[in-house]
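Encoded as structure tokens, the structure appears first; notes follow it.
The values are calculated or read from the model by the stated rules, or taken from the named source; none is laboratory data. In this text, all values refer to a predicted model and were calculated from it rather than measured experimentally. We place every Cβ from the backbone using ideal geometry, glycine too, and count neighbours over all the protein chains shown. The accessibility values were calculated without ligands, DNA or RNA, using every heavy atom of the protein model including side chains. Shrake-Rupley method; radii C 1.70, N 1.55, O 1.52, S 1.80 Å.
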Amino acid sequence: MNRKIALTSLLLACLFMAGSALADLVTFDYEPLGTLYGSPVGNVPGDYIFSEYGADLYVTDFISGGAPFFNVARIDPAMAGPSIWFGSGQILSVNNIDIIFQFSSAGDVVFDYLDLGGNVNLQVNGAGAVLVAPDLPSLTGLVAPGVTLNVTTTPVPGGHMGHATLTGPVSTLRLGGQEFYLEDVTCNNGYLPGTGPCDFLVDHESLGAGMNWGSATNIPGDLIFTEDGIPVLIDVITYTLGGTGFNYCQVTPTPDPGFGYNLVMNLNNVANIYDIAALATPVSQVTFEFLDYGGEENLQVNGAALQVGEMSAMPAAIAPGVTFAVTTASVPGGIRGKVTLTGDVQKLLVAGQEFYIDNICVTKGGGGGGTNCNIVSDNESQPFGMAWGGAYGSVPGTFIFNENGIEVGLEQFDDGYGIQFQEARIDNAFCPIGSGQAMMLNNICAMYDFSAFSPVQEVSFDYCDGAGIENLWIDGNLYVGDIEVLPAGFFPGVTASVTVNSGPGYQYGTVTLVGDIQRMWVGGQQFAIDDVCVIPLGLSPVPVVGNRKATLDEVFPNPFNPRTTLSFSLAREGSVRLSIVDLRGRRVATLVDGTRTAGAHQVVWDGADDHGAQVPSGVYFVMLEVGDVVQTRKISLLK
């Protein structure tokens, strides 16, 4: 068994090194032996610890006996007898702590494990409560909507070792134990480049290895390439002790298996400038991965003050309206990390000396309300920390405030077992949604009255789901369950669609409801809502650039196999992008990207992604973008 595992790992590793990645694969072989994660080294629940071949790993609480624990995980050598043989190379020892695997895209997941005692934890895609059991085999069966667990085991002294298979679209896996060991955690998803819900992505895959620019051929400010619509320029680096440098940047294979994807950019005493403003769209977030082997870095956002120093120590207030956050992990000879810039980033300068950068991911602004909404309730009119609910003397039906003509009140929450009425609070959301303050809902519903805008053609809102189930009530019809799997036709006369993105221990996205909605309740248990947007009938979402109007028609056939026809029409000639987006918000195929004439247009999609590979069965969205106007249709591919 051990020889089979070792050969499988070697084969997969060779395929990855050759640039033909088939899956996210975590072997634990690339972190220093003996590395600790968890409470002994100052980690807190939710901390990022490292990445390996497409998967990002985080640590969080282990649940046992109804109580949380947060102990330690450690990189150990494989066990090689005398009575237990497990793993090849290195394995991960897990002791009263949970590991969260966030995969680059969803797929079936398999892993090997050794269990020498105590309880185990399992949660898939953040759905429902964390499952706690004496062992994994006792959890066999349905473990999340659309995902089943199967386990095969072999007894060993003091416990058992096994091979687990999660069949279904797994994007996030939370797994932990007490005397528990992991090896070869694999998500068979095709490993698409990049991470996160990127609307635009600079991943250097369109460039050739060895391409370089610098002092020998360029001057500061030169445009060196454009990728996914983002122009990239070369410029000088500024040093702490004064002066500037202008050496070169070069596209190279990644020097670390946990960093980037295939080809990355090496910045050698030079800066790259990303002209995001060329996309002509508001931005809610920009992220990038980096690998720092020495020297100092520069970071500048939107022309604000230039920051010089270590990337891992840049200030949180990086520019007006934009915040900086970073997660890092030690690697041999340096630091690997990921930067998150939250806010409307239009221009980004990054410089380094022995520095690599990859997967510059741009997420468009505006979800529910944001930039494309006529009337929005965004929770900004209320004092931060304001709270209502049963403990504050509120009763179901209580009116709490009015924003932009949308009356907001409180209603009871159905948790599937009984009726609750606990707390609603104005707070910061625990994941990247909306704008500014959000409404946090703890076993209570927020009620929205849109009757003043009747008839209504569309309502949408941004959400963040930490755990538990949700309620969505529309004009007398109640849905109780996970918002991420809301059926499209659950509400009579209303078509629902949900975009789903995954973070460490949570999911987030946008719910769009097309139809004449008069009243709506939204509730959850660890749930946030923001930018509730209502578009009255006869109005287009604003702003409409140049008064351009477009229509995305129904898709036929839907569901489909092997191909379907997508139809749209333009009132006048203009620039159009027609894309296919998966449930995590990742663009998998771009079918149209350019100028089209006024009138009707049709495009056939054969289920292939931008690399020519067939995408797996599942739910996708057709997305039509004309200026700042975005329309979507939900489609299903059945094979």
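Could you please find all residues in the stretch 202-220 being in contact (Cβ under 8 Å) with a residue 24 or more places away in the chain and either open to solvent by 30 Å² or more (accessible area, probe 1.4 Å) or part of a loop (DSSP other than H, G, I, E, B) (or both)? Lay out the reasoning, then the answer.
The initial filter retains those residues of the stretch 202-220 that are in contact (Cβ under 8 Å) with a residue 24 or more places away in the chain, namely 202-205, 207-216, 220.
Those that are in contact (Cβ under 8 Å) with a residue 24 or more places away in the chain and either open to solvent by 30 Å² or more (accessible area, probe 1.4 Å) or part of a loop (DSSP other than H, G, I, E, B) (or both): D203, H204, E205, L207, G208, A209, G210, M211, N212, S215, A216, P220.
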Counted residues in the stretch 34-71 being open to solvent by 40 Å² or more (accessible area, probe 1.4 Å), closer than 18 Å to G126 by Cα and among the aliphatic types (A, V, I, L, M) come to 1
Which residue pairs have Cβ atoms closer than 8 Å, lie 6 or more positions apart in sequence or on different chains, and pair a first residue in the stretch 163-187 that is within 12 Å of N121 (Cβ to Cβ) and open to solvent by 10 Å² or more (accessible area, probe 1.4 Å) with a second residue that is of a type in the set (S, T, N, Q) and in a strand (DSSP E or B)?
R174/T60; R174/N121; R174/Q123; Q178/S64; Q178/N95
Kindly indicate the residue of the stretch 565-612 that is surrounded by fewer than 13 Cβ atoms within 10 Å (Cβ to Cβ) and part of a strand (DSSP E or B) and also modelled with the lowest pLDDT among those meeting that condition.
G599
The stretch 503-525 - residue that is open to solvent by 10 Å² or more (accessible area, probe 1.4 Å) and in a strand (DSSP E or B) and, of those, nearest to I535 (Cα to Cα):
V514
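Quick grid of which residues meet (1) in contact with a His (Cβ under 6 Å, 6 or more places away or on another chain); (2) among the β-branched types (V, I, T); (3) surrounded by fewer than 18 Cβ atoms within 10 Å (Cβ to Cβ):
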| position | (1), (2), (3) |
| --- | --- |
| D292 | no, no, no |
| G295 | no, no, yes |
| G303 | no, no, yes |
| S312 | no, no, yes |
| P320 | no, no, yes |
| T323 | no, yes, yes |
| A329 | no, no, no |
From the list A78, A73, which residue is small (G, A, S), free of Cβ contacts under 8 Å to residues at least 60 places away in the same chain and touching a Gly at 6+ places or on another chain (Cβ under 7 Å)?
A73
Got a number for residues in the stretch 78-133 being in a strand (DSSP E or B) and within 22 Å of Y508 (Cα to Cα)?
16
Lone qualifier among A78, A106 - being of a type in the set (G, A, S) and either open to solvent by less than 20 Å² (accessible area, probe 1.4 Å) or within 28 Å of the chain's Cα centre (by Cα) (or both):
A106
Residues in the stretch 466-475 that are within 17 Å of V143 (Cβ to Cβ), open to solvent by less than 30 Å² (accessible area, probe 1.4 Å) and either assigned to a loop (DSSP other than H, G, I, E, B) or of a type in the set (D, E) (or both) total 1
Just the residues that are closer than 15 Å to L116 by Cα and among the aromatic types (F, W, Y), please, taken from the stretch 56-94.
W85, F86
Considering only residues of the stretch 331-340 that are in contact with a Ser or Thr (Cβ under 8 Å, 6 or more places away or on another chain) and more than 26 Å from N428 (Cα to Cα), which is most open to solvent (accessible area, probe 1.4 Å)?
I335
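I need the full set of residues from the stretch 488-502 which are open to solvent by less than 30 Å² (accessible area, probe 1.4 Å), over 12 Å from F461 (Cβ atoms) and assigned to a strand (DSSP E or B), in order please. Quick ask: steps written out before the conclusion?
Initial filter on the stretch 488-502 (open to solvent by less than 30 Å² (accessible area, probe 1.4 Å)): 491, 494, 496-498, 500-502.
If we keep only those that are over 12 Å from F461 (Cβ atoms) as well, we get 491, 494, 497, 500-502.
Selection gives S497, V500, N501, S502.
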Being under 17 Å from V534 (Cα atoms) and either of a type in the set (A, V, I, L, M, F, W, C) or in a loop (DSSP other than H, G, I, E, B) (or both) is the filter here; which residues of the stretch 382-426 pass it?
F401, N404, G405, I406, V408
Conditions (1) open to solvent by less than 30 Å² (accessible area, probe 1.4 Å); (2) without any contact (Cβ under 8 Å) to a residue 24 or more places away in the chain -> I276 fails only (2)
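When you scan the stretch 134-148, how many residues do you find that are assigned to a strand (DSSP E or B) and among the aliphatic types (A, V, I, L, M)?
Step one: filter the stretch 134-148 for residues assigned to a strand (DSSP E or B), giving 141-144, 147-148.
When the remaining residues are screened for being among the aliphatic types (A, V, I, L, M), the result is 142-144, 147.
The qualifying residues number 4.
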Counted residues in the stretch 238-254 being farther than 12 Å from E296 by Cα and not in a strand (DSSP E or B) come to 5
When the stretch 392-420 is checked residue by residue, the ones that are more than 31 Å from the chain's Cα centre (by Cα), open to solvent by less than 60 Å² (accessible area, probe 1.4 Å) and of a type in the set (A, V, I, L, M, F, W, C) are I400, F401
Show the residue pairs meeting these rules: Cβ distance below 8 Å; 6+ apart or different chains; first residue within the stretch 418-430 and closer than 15 Å to F384 by Cα; second residue of a type in the set (D, E).
A429/D530
Given the conditions (1) surrounded by fewer than 19 Cβ atoms within 10 Å (Cβ to Cβ); (2) closer than 15 Å to Q525 by Cα, every one holds for L478 apart from (2)
Out of the residues in the stretch 429-451 that are open to solvent by less than 10 Å² (accessible area, probe 1.4 Å) and part of a strand (DSSP E or B), state the one that is modelled with the lowest pLDDT.
A438
Per the filter on the stretch 109-150, residues within 11 Å of G176 (Cβ to Cβ) and under 21 Å from the mean Cα position of the chain (by Cα) are L122, Q123, V130
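Going by the structure shown, is G389 on the phi > 0 side of the Ramachandran plot, surrounded by 19 or more Cβ atoms within 10 Å (Cβ to Cβ) and modelled with pLDDT under 85? Write out each step before concluding.
Numbers: on the phi > 0 side of the Ramachandran plot: yes; surrounded by 19 or more Cβ atoms within 10 Å (Cβ to Cβ): yes; modelled with pLDDT under 85: no.
Here the answer is no, as G389 does not meet what is asked.
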